[in-house]
Each structure stands twice: as C-alpha cells, then as structure tokens.
C-alpha cells in the first residue's frame with residue numbers, strides 16, 4: 001500500500017484527520033487540488049522542520065514530490081486539509097470545484113492569479129476537473145473559465161488607434177500587456193492546471209499547461225510565476241533530486257508555445273513565439289537546506305520554415321554573445337530571440353523557523369566577459385526576501401513574510417542605453433502570455449515590496465498585507481528615471497480563509513491608492529474577493 005499525492009479533503013461531512021481508505025473509482029470521492037494556498041502552507045511547514053528539506057525553486061511539483069512534502073504528523077493547524085490518503089495502483093478522483101467572484105471599483109486590479117484577468121467591475125470564475133493515475137503515469141485536467149464585466153475607465157493615452165489604443169500605456173508596441181481587454185465584457189476558457197506526466201525512477205517527462213514558478217520568490221519571481229496563464233509545454237527533468245554525492249541536483253528542460261492577446265502589434269505567423277528554457281538547483285552535501293540554482297528562458301519568433309535543432313538546443317548555448325557568434329557562425333551572435341536569465345539562492349533554518357532567499361536576473365546576453373564583469377547591473381533586476389514562522393503551544397502559527405524587488409533603470413543609462421525589464425526587440429510581445437506578464441508586474445514597473453503577516457489556526461488563516469508595486473517610471477531628459485513621475489500603487493489588504501465542515505471559504509478586501517496613475521492624478525480602488533470550495 002502506498003501513500004497518494006494528496007493535499008486532500010475526503011468529502012465527508014466532517015473530514016477526519018487520519019489517513020482515510022477510499023474505494024478505488026468511487027464516484028463520491030472528491031479532493032481539493034494542490035493550489036497556491038496549500039503550497040504556500042507546505043513551505044511554512046518546511047521552514048519549521050515538519051517537512052523535510054526539499055528544493056523549492058523548480059515548481060510545479062509532480063505527484064510523487066507532493067507525497068514527500070506531506071508531514072506524517074497531524075500536530076499542525078491544517079492537519080484536516082493537508083494530509084495523505086491511501087490508494088491502490090490505479091486511482092481517480094474529482095477535483096472539488098472552486099467558484100470565485102471579485103469586484104474592482106475603479107480600475108483593474110489582481111496579480112498572481114493565473115489565467116484570470118480582473119477588470120473594473122465584477123469578475124466571476126469557475127475551476128475544477130478530474131485527476132488520477134495508473135502507476136507512475138498521472139493525469140490532471142483542471143481547466144478554468146472566467147467572465148469579466150470589464151467596465152470602462154480612463155485609459156492612458158498611448159498614441160495608438162484601433163485595437164492598440166487598449167495596449168500598454170507606456171510601451172504599447174513593445175509589450176503585450178493591455179490596459180483593458182476591449183470595450184465590452186471579456187470571457188475566456190483556459191486549460192488551467194492540466195498535466196500528463198510519467199515519473200520514472202530518475203526522470204520525469206510530460207506535457208502541461210499548468211503554471212510554473214522558477215526561483216525562490218513568493219510574490220515577485222523574475223522569470224516565471226503564476227501571474228499569467230500557464231502555457232502549453234513539453235518537459236523533461238528530474239522526478240526527484242538526484243544524489244551526485246557532492247550535491248543533490250534537480251532540474252528540467254522544456255519547450256512550449258507562447259501566444260499573444262488581440263491587442264499586440266504583431267499579426268499573422270509572427271504572433272506566435274517558441275519558448276525554450278532550463279532551470280535547476282543543487283544542494284551541497286551536508287547543507288540540505290541550502291539550494292543554489294539558475295534559469296534561462298528564451299523567446300523566439302516562430303520561424304515560418306519550421307523549428308530546427310538549434311531552436312530546441314538554445315537553452316544550452318553560450319551565455320555571451322561572443323560565444324554564441326562562434327556557435328552559430330553569424331559573426332555577431334544576434335538572433336530574433338530574447339533571453340532572460342537568473343541565478344538564485346534559498347537557505348532554510350528550520351530550528352529558527354526562518355528562510356532567506358534572493359534572485360538576480362538579467363535581460364538578454366552580455367556581449368562578452370568584460371561586459372559581464374564591468375556592468376552586471378545593465379538591464380538587471382533583483383529580489384531579496386525572508387520568511388519567519390513562530391509556533392504557539394495552541395497549534396497556532398504566525399508567519400511574517402517580506403520581499404523587496406528592484407528593476408529600475410540604473411545610472412548606466414548615462415553612457416549606455418537600457419530598456420525596461422521584460423521589453424525587448426524584435427520579440428515585441430515582451431515576457432508575456434495572452435496579455436499578462438509571466439514574471440512579476442512589479443519587475444516590469446521598476447520594483448516594489450510586499451510584507452504580510454499570516455495567522456494559521458485549525459479553522460483557516462488570517463492575513464494582513466501591505467504591498468507597493470511600480471506600474472511605470474518616467475524617464476527624464478538625462479535618460480534616467482524621474483522618481484517624481486513614478487506611477488506607484490500602495491495596497492493594504494485583509495484576507496480570511498475559513499476551512500469549515502462544508503466548504504473552504506475565502507474572503508478579502510484590498511484598498512489601493514494609485515499615486516500618479518498614468519502620470520496624472522491619484523486614484524483609489526476597492527477590491528473585494530469571495531471564493532468557495534465545497535467539501536461534500
């Protein structure tokens with residue numbers, strides 16, 4: 001008998017805390033999927049030592065990885081929600097549906113919400129599906145459909161006409177990030193967190209449309225997070241960390257397709273992009289709670305003549321343009337692509353309930369080694385974060401989380417042009433999927449921070465948070481950012497997750513003040529959220 005993937009809820013009137021045995025194929029069996037809220041909680045359990053050391057910078061996790069992250073003990077606040085169920089070699093189950101409704105009073109607001117786009121007014125979404133496995137082969141079908149009322153609000157004048165008037169207010173022709181998705185209600189179906197995966201003893205292969213998170217950042221990942229929809233991709237990687245004696249290593253290589261919104265400048269075959277990337281991390285022997293890693297992500301204009309071997313091997317090419325020129329033999333190394341790369345580190349101190357992490361990222365290649373060593377801050381961004389957990393005797397957890405991100409154009413602009421992070425030519429959709437940034441919107445805007453305090457109890461979670469996010473910064477006559485003309489949003493929020501006998505209910509309110517919105521007047525916004533996951 002083996003323990004299943006499950007961060008689960010057996011849908012009975014009162015969910016027991018001990019592992020439950022359920023008949024295989026029982027149509028009444030329904031489980032709550034491993035969503036971002038549960039994954040966030042598992043990370044806290046790792047910080048305090050209830051979950052063993054495991055790399056956190058290459059996600060999404062596979063079913064067998066999730067198994068290893070579920071604690072054996074039930075002496076933690078969410079023991080009835082995060083636990084294992086036993087199953088046989090063939091199993092399937094329903095994923096409990098989640099119904100979500102949000103409301104924005106003045107302008108669109110809502111990040112790190114996957115395919116969902118929350119415009120002004122009401123937005124409603126429904127997500128759910130089925131999952132199962134046959135031995136080492138697992139399948140999850142977890143699509144989402146949403147409808148946004150998409151009420152009108154004043155747009156930034158971007159100098160464009162037609163559909164492009166809805167495009168980004170500052171860089172309408174060099175990034176696909178619409179201010180508004182048209183002038184009427186907007187609806188979309190997305191395959192969501194769907195994956196088919198084969199976990200072999202050493203490697204895992206599969207296809208997926210699920211979100212991935214590369215690097216240790218919680219709110220502001222530089223390369224990949226859950227701000228936009230996941231994109232269709234194939235992957236090959238480790239099924240679990242591989243013991244190489246000196247280090248334990250984990251990673252994956254992948255190839256996928258990226259699409260744009262109707263409000264991007266390119267049309268026809270140029271609207272498609274080919275994605276290729278690699279991400280990995282190592283933990284030195286004797287320091288299992290330390291992980292050091294890096295990632296590379298390539299956007300390539302989809303060639304009319306078809307993909308070549310070089311397109312698939314791009315993640316393994318040289319880091320410098322000088323070395324790329326030698327590899328491809330074109331003299332300059334310049335190609336119709338864009339590379340984003342980062343290095344990162346995360347260190348967990350379970351005796352103290354503390355983790356520290358950081359990530360440093362770059363846009364495009366360095367010209368040569370001299371360029372890299374002399375001006376590492378050219379078109380660069382960094383994230384620094386920490387998370388600290390306290391355990392009370394009454395099984396209450398308090399968790400403080402803080403993160404700072406900076407991607408501002410630096411003083412190098414005085415002697416060498418720089419671009420806004422995620423903006424690059426000739427791939428003028430930027431680092432986006434279906435009109436939303438794949439990394440962090442704050443990185444595109446120039447930076448920000450987030451601070452949050454969580455209180456976990458048996459019946460759920462309370463969270464209070466303060467966030468600052470730059471939407472854009474004005475460039476002065478000297479070519480440097482003018483801090484007096486920055487468009488910056490400050491947000492204060494309160495969120496409550498109630499894990500009841502019949503449903504998991506989440507409600508929240510966010511008050512935002514957009515200072516100098518669109519480089520004009522200040523604007524305030526109220527965002528309300530309510531979601532329900534039934535427990536039948």
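The numbers here are math on the coordinates, done by the rules we state, and not lab data. All of these numbers come straight from a predicted model, not from anything done at the bench. A quick note on method: Cβ atoms are made from the backbone with ideal geometry, for glycine too, and the neighbour counts reach across all protein chains shown.
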Give me log10 I(q)/I(0) at q = 0.21, 0.23 Å⁻¹ for the stretch 86-139, Debye formula, one equal scatterer per alpha-carbon, no solvent.
-0.78, -0.86
Alpha-carbon radius of gyration plus Dmax, which is the widest Cα pair, for the stretch 65-181 in Å:
20.9, 61
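Based on the Cα gyration tensor of the stretch 154-230, what are the three equivalent ellipsoid semi-axes, each the root of five times an eigenvalue, rounded to whole Å and given largest first? Present the calculation step by step, with values, prior to reporting the outcome.
Numbers: eigenvalues 242, 52, 21 Å².
Working through the eigenvalues yields semi-axes of 35, 16, 10 Å.
Quick check on the chain: of the DSSP beta bridges with both residues there, what percent are antiparallel, nearest 5%?
Working: 183 of 188 bridges.
Expressed as a percentage, antiparallel bridges in the chain total about 95.
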What is the Cα convex hull volume of the stretch 409-509 when expressed per residue in Å³?
130 Å³
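When the helix-only estimate is applied to the chain (DSSP H runs of n ≥ 4, each -39,500 (n - 2.57), divided by the residue count), what is the mean residue ellipticity at 222 nm, nearest 500 deg cm²/dmol?
Details: 6 runs with 43 residues, N = 536.
Only helices count here, giving -2000 deg cm²/dmol.
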Which of the peptides 489-501, 230-242 is most tightly packed, and how do the rest follow, going by the mean number of other Cβ atoms within 10 Å of each residue?
230-242, 489-501
On the Cα set of the chain, report Rg and Dmax in Å, please.
22.8, 70
Cα atoms only, the stretch 233-321: Rg and Dmax in Å?
16.8, 53
